[in-house]
Amino acid sequence: MVLKINLEDKIKEINKPWSPVEIARINEYVIRMALFDGEYHWHKHTNEDELFYVYKGSIVIQLKDQSDVILHEGEMVVVPKGIEHCPKALKPSYVLMFEPAVLKSKGD
């Protein structure tokens, strides 16, 4: 069965910041949504790239030894595997993350 997904309904499932909910699975990948509020922690993913898409709000992806990436609604960035990064919300923001299903949300 093919099911339609409403992102506004999925937002209602999020009960605290930095706690992603699964939106959908596509082959070996998952789309998750989380409320970003404040700063996360510095981490990296050794084997997986990670895509951040801002659905609502604005965030900064802080990067080690590189310029920060500022994202507003409708913008996205891919953080390649092995790059140390730290997401930070400029205001409470809802972000979609496209990543391999095996990816640990907290990083290495």
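Any read-out appearing in this document is the output of simple, stated calculations on the displayed coordinates, not a laboratory observation. Here the structure is a predicted model, which is why all the values come from computation and not from measurement. In this analysis, Cβ positions are derived from the backbone assuming ideal geometry, glycine residues included, and neighbour counts consider all displayed protein chains.
Observations
- Taking other C-beta atoms within 10 angstrom as a stand-in for reagent exposure, S93, S67, S19, S58 fall in the order S67, S19, S58, S93, fewest first.
- In a reduced charge model with +1 at each Lys and Arg Cβ and -1 at each Asp and Glu Cβ, segment 31-108 shows a dipole moment near 180 debye about its Cα centre.
- Pairs of Cα atoms in segment 22-89 fall into 10 Å distance bins, from 0 up to the last occupied one, in shares of 19, 54, 26, 1 percent.
- Per-residue [θ]222 nm for the chain (sum of -39500 (n - 2.57) over DSSP H runs n ≥ 4, rounded to 500): -1000 deg cm²/dmol
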